[in-house]
Amino acid sequence: MDYLDKLNPQQKEAVIHKEGPMLILAGAGSGKTSTMTHRIAYLIKEEGVSPYNILAVTFTNKAAKEMRDRVEELIGEGINMWILTFHSACLRILRRHAECIGYNNDFVVYDPTDQKVVMKNCMKERNVDEKKYNPAYVLSIISDCKEKGISPSDFAKRNDLDFKNKIIYDLYLAYESVLKKNNAMDFDDLILKTVEIFESNEEILAYYQNKFRYIMVDEYQDTNYMQYLFVKLLAKAHNNICVVGDDDQCIYQWRGADIRNILNFERDFKNVKVIKLEQNYRSYGNILEAAHSVIENNKGRKRKKLWTNKEKGEKIKYYRADNEKDEARYIAQEIDRLHSRELPYSSFAVLYRTNVQSRTFEEAFLARQIPYRVLGGTRYYDRKEIKDIMAYMRLVQNTADDLSLARIINEPKRGIGEKTLEKLRALASVRNESLFDILTDNEVVEGLPSKAAEGVRDMIAVIWKFSQEKDNLKVSDIYDGLLVKTGYLKNLEMQNTVESEGRIENLLEFKSVIYDYENEDPQLSLSEFMEKIALLAEIDNHNADENAVVLMTLHSAKGLEFPVVFMPGMEDGLFPGWRAFEKSDGIEEERRLCYVGMTRAMRRLYLTSAEYRTLYGKTNYTKESQFLIELDKSLVEGDAIYKSNTTSDRNSRFSQGSGNDGYSNPEIFRPFEQLKYIKQNKMAESSGGDKNLDLKEGDKISHSKFGEGLVLSVKGNILNVVFDSVGVKLLAKNIAPIKKI
Ligand code: ATP
Ligand code: MG
């Protein structure tokens, strides 16, 4: 039993506790997950419990795999037991018993893409306008219901069935019946249907209750209602349930996680043994103290404080960078300085609030040749929306680029399917023309279904216009113009889901890339820009097993630990994020996330912010995050954190709500305000042009790229202008970014 020697008395007590419910409520890095793995090993090795009788569930595949590895290491051999995520455990059960709720056991699982197809068909059949009821939005409501166990009829009972709710109710019913007819389940169903089987079939429930005599759940604070029911039903017979969690680390409320599950555990089960672990083994003293000084500010929490007998270690380093590039440069430089045999690249993690922040780091690491990998998100230039918009830009640059055209012809949806595209390709090849050329032929376009014809005609016109004017337009204007006029942005806006919001943020962030290059070279042409980006995008530094710095969001870092952690972007509006100010518990959830991030660090913790940040295409002066201000300053070294901005002062300003113009307010980033800006101002004044502009020979104009110029001649829509900066240019009045002066 020497593997128990290392454990402290409370951990040991938990490990050898065999019967009855147990709650291990403890802070980060106190050995909760280790205690659980030791307990599994102990049950098997010392108590003679069969692995067959144990169920251990957690949230991610990565965590499940790590848990299994740790148990096998302790036992010294491979084991066949259920250490699984909630979804995979339920899937296993359903494969055996789905028949008893009217499914075939070889049912299929629909992923989000499949779900969308189903929803769209349901809408079509009911003549529901996709523009008014976005399929993804309706699906998110349905998912929310399923997580809470709200059936269509419950939905009808709970909601006032006004016009909108009636439609959602109908769609929910229809969607469910299609899935059933197709013998299909979505991800939410996996848990919901398992619970349904347990609730409706005593025999099956008894079988699993009997099988799983010992149940363990890690990260219990993040369970939602259905997951809670699943566990509760299984544990009812034997009451041998051990849940492990930390109310300070609940970071998934926005996805239905219910912190009350952990807070009410003592009420749900009788005679609960509560173990509190108070020693932290992960972090040096200063890191722990610092994390505590932040989380202390949360009101709705159980008081607990961790201690460590590790040395205090270095103070937390704070760096206030000039801008986000300087921030990335600083972090890259620190990694270069610290990395050694004892601290290989894989000891470093950069944990940010949103995926859009990864780009600057990718660039800084590439420049210093620091190996890195981006976890849980796609590398910036690999993202779908970035590739789509780049395909549009490539087409503007070169209309013969068939690959790009094929990529975007149906992005956003224009009713062009694979088959139509194939036909067009065949025709292009017969005529030896590009796809673009084919589509400028009216006869060809007229042969398409009428809706598709209209969409394609508009798209071709937009690309054509910009390709004619590309040398007279700034890259940023071309970009804005394409986003708006091709309908790409609008389509994302209408989806109104977390995912589409993320995509919009990424697209707005791409503006920063363009501005960067335009600042360096105000005459930057589209083709120069595309070349630079192509080079950046193609350097592939991606190797999962490599000794590399890890970049990921704070959310995906849960449960992990790293010797050195960097948390960039400690600014109000970014972290805490701007959405946090709009929800009641928003700030507290963000603060828990901050606590999760800080407690990932074992030896060193860096916090950074940028005085000016270009985000979503707009440079703003930033204020330091209120979490920085809450931090115990005696534990921090480096740049000063300005204390004058007291929390209450800020809160009152943020709570002014809608009167606050997010765009001009430098304290807070609101991507959607910026969206409005792009559309209203930018488009109208720059790439929009004005065909009614009254101009004649001798008039003076100003052009957003070339500056002031003199009109030499006007022929219909075409202007001949001489500019001081670039000489004579031909411009199209209806598209050139010009003003009369
Ligand atoms: P989190 O809340 O972040 O999930 P946790 O409470 O699950 O953290 P673990 O990941 O289990 O914590 O443990 C944190 C670190 O402390 C690990 O490196 C683990 O090996 C170490 N550790 C745990 N218990 C002990 C102990 N008794 N003696 C020495 N090291 C320990
Ligand atoms: Mg853990």
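Out of Arg337, Arg329, Arg359, one residue alone is in the same structural domain as Arg592 (by TED's automatic domain parsing), in contact with a helix residue (DSSP H, G or I) (Cβ under 6 Å, 6 or more places away or on another chain) and free of Cβ contacts under 8 Å to residues at least 60 places away in the same chain. It is Arg329. Whenever a residue of region 217-239 is over 20 Å from Gly559 (Cβ atoms), its partners that are among the basic types (Lys, Arg) and surrounded by fewer than 24 Cβ atoms within 10 Å (Cβ to Cβ), lying with C-beta atoms within less than 7 angstrom and at least six residues away or across chains, give the pairs Tyr225/Lys148; His238/Arg213. Among the conditions (1) open to solvent by 10 Å² or more (accessible area, probe 1.4 Å); (2) in contact with a Phe, Trp or Tyr (Cβ under 8 Å, 6 or more places away or on another chain); (3) of a type outside the set (Ser, Thr, Tyr); (4) at pLDDT 95 or above, the only one that Asn183 does not satisfy is (4). Would you confirm whether or not region 53-61 contains a residue that is at pLDDT 95 or above, part of a helix (DSSP H, G or I), over 21 Å from Asn261 (Cα atoms) and away from ligand 2 (no atom under 16 Å from the Cβ)? Yes.
In region 6-18, of all residues being part of a loop (DSSP other than H, G, I, E, B) and within 9 Å of ligand 1 (Cβ to nearest atom), the one that is most open to solvent (accessible area, probe 1.4 Å) corresponds to Lys6.
For region 19-52, the set of residues classified as open to solvent by 30 Å² or more (accessible area, probe 1.4 Å) and within 16 Å of ligand 2 (Cβ to nearest atom) consists of Thr33, Ser34, listed by residue number. Among strands (runs of 3 or more DSSP E) entirely within region 523-630, having at least 1 residues that are under 23 Å from the mean Cα position of the chain (by Cα) and at pLDDT 90 or above singles out 549-553, 562-567, 601-615.
State yes or no: is Asn127 open to solvent by 60 Å² or more (accessible area, probe 1.4 Å), in the same structural domain as Asp170 (by TED's automatic domain parsing) and within 23 Å of Leu492 (Cα to Cα)? For Asn127, the condition - open to solvent by 60 Å² or more (accessible area, probe 1.4 Å), in the same structural domain as Asp170 (by TED's automatic domain parsing) and within 23 Å of Leu492 (Cα to Cα) - is met.
Mind checking whether some residue in region 76-84 is away from ligand 2 (no atom under 16 Å from the Cβ), within 28 Å of the chain's Cα centre (by Cα) and within 30 Å of Leu139 (Cβ to Cβ)? Yes, some residue in region 76-84 is away from ligand 2 (no atom under 16 Å from the Cβ), within 28 Å of the chain's Cα centre (by Cα) and within 30 Å of Leu139 (Cβ to Cβ). For region 396-428, taking the residues that are part of a loop (DSSP other than H, G, I, E, B) and of a type in the set (A, V, I, L, M), the one that is nearest to Thr486 (Cα to Cα) is identified as Ile409. Would you confirm, using the coordinates I've provided, whether Leu43 is closer than 18 Å to His238 by Cα and either within 12 Å of ligand 1 (Cβ to nearest atom) or assigned to a helix (DSSP H, G or I) (or both)? Considered against the rule, which asks whether it is closer than 18 Å to His238 by Cα and either within 12 Å of ligand 1 (Cβ to nearest atom) or assigned to a helix (DSSP H, G or I) (or both), Leu43 comes out as yes.
Residues checked against (1) open to solvent by 30 Å² or more (accessible area, probe 1.4 Å); (2) within 15 Å of Gly102 (Cα to Cα); (3) assigned by TED's automatic domain parsing to the domain that holds Gln227; (4) assigned to a helix (DSSP H, G or I):
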residue: Leu171; (1), (2), (3), (4): no, no, no, yes
residue: Val178; (1), (2), (3), (4): yes, yes, no, yes
residue: Phe198; (1), (2), (3), (4): no, yes, yes, yes
residue: Glu203; (1), (2), (3), (4): yes, no, yes, yes
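In region 223-232 there is at least one residue that is more than 24 Å from Leu43 (Cα to Cα), modelled with pLDDT of 90 or more and out of contact with any helix residue (DSSP H, G or I) (no Cβ under 6 Å at 6 or more places or on another chain).
The values are calculated or read from the model by the stated rules, or taken from the named source; none is laboratory data. For clarity, every value in this text was computed on a predicted model and none was experimentally measured. Positions of Cβ are generated from backbone atoms using ideal geometry, with glycine treated the same way; all protein chains shown enter the neighbour counts. Remember, those area values only see protein heavy atoms, side chains included, never the ligands or the DNA or RNA. Shrake-Rupley method; radii C 1.70, N 1.55, O 1.52, S 1.80 Å.
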